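Bear in mind these aren't lab numbers, they're just calculated from the coordinates by the rules spelled out. Computed from a predicted model, the values in this text were never measured in an experiment. Here the Cβ positions follow ideal geometry from the backbone for every residue, glycine too, while neighbour counts run over all protein chains shown.
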């Protein structure tokens, strides 16, 4: 069961010891968060359910009001680029640990104007036991699809809209965030990676990111435009959700833009920013080297 939780963090907590690991908490206070849309109610904001799982960090589900949570570097350290972080969670919740807070702090330390996107997710049962059963059934289907290499969770329209709105907002406020408007990227984890790739394939020009980081996202072939922004993809070959999807997307991307794939031998799903001894811990620095190679960040 712990392995499944590491994969998706939404499998039912069947034993009493595991149930004790989950603790509901008050919503964190993000004083500088930016609402994507003007209209939002306190009732919708308070509908969110935040919780912690021991050793795995914070999570939130039943998000109805999308926001950007900024992590802005000192002006002297700014590299001129922005990164929007899209956490994973199979569109049922957000994983705010390694693929959220930790990622945001790291990218900020590298000079990026960084924003965690708290996008809308599927409304799920508020009762914990009912939610566990619902999530377990969903994940069983996703794992079966991952093993077949031909299926990934469909990006809900509202999540796709939130991603596009986030890119547009950051680009329009580029001067305020001390970035260049043609250097707005997305780094997505798992479900967030699906959103990032979908943005690159389908978003209007003013909402489309300038570069994409797909971190353990399923690479499932869809219709593509003639031109695509640069793509950096990282996953583990033993990832039962994403590692079996093959490289058809990468091959198609090569014909339409720049694509770089890092397939690590071990590490499974949900490795976040990476941890030794698995070589996936190298991906953040490799991503930075890739951005420097493409001159997508200032290096002086």
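Shape of segment 214-300 from its Cα gyration tensor (a ≥ b ≥ c, root eigenvalues): rounded if a/c is under 1.5, otherwise prolate when a/b > b/c, or oblate? Oblate, since a/c reaches 1.5 and b/c is not below a/b.
Considering only 141, 267, 192, the mean-square fluctuation computed in a Gaussian network model of the chain, springs between alpha carbons under 10 angstrom, is largest for 141.
Mean separation of Cα pairs under 8 Å and 6 or more residues apart, divided by the residue count, gives segment 2-293 a relative contact order of 16 percent. Of 217, 55, 246, the residue with the greatest mean-square motion in the GNM of the chain, using alpha carbon springs below 10 Å, is 55.
The slack in the chain from residue 282 to residue 299, taken as 0.36 nm per residue of separation less the alpha-carbon distance, amounts to 4.1 nm. Estimated from helices alone, the mean residue ellipticity of the chain at 222 nm is -9000 deg cm²/dmol (sum of -39500 (n - 2.57) over DSSP H runs with n ≥ 4, per residue). Name all residues of segment 58-99 having a backbone nitrogen under 13 Å from the label point set 7 Å from the Cα of residue 123 along its Cα→Cβ direction, giving them as ranges. Residues 62-65 fall inside that zone.
As a rough footprinting exposure proxy, the listed residues 283, 290 were ranked by other beta carbons within 10 Å of their own, and the order from fewest upward is 290, 283.
The base-10 log of I(q)/I(0) for the chain, evaluated at q = 0.11 Å⁻¹, reads -0.61 [Debye formula, identical scatterers on Cα atoms, solvent excluded]. With R₀ fixed at 22 Å, the C-beta to C-beta distance from residue 109 to residue 30 puts the FRET efficiency at about 0.70.
Using Cα-Cα distances under 8 Å and only pairs 6 or more residues apart, what relative contact order does segment 67-181 have, in percent? Computed value for segment 67-181: 32 percent relative contact order. Name the most mobile residue of 83, 25, 212, meaning the one with the largest mean-square fluctuation, in a Gaussian network model of the chain with Cα contacts below 10 Å. For the chain, modelled as a Gaussian network with Cα springs under 10 Å, the answer is 25.
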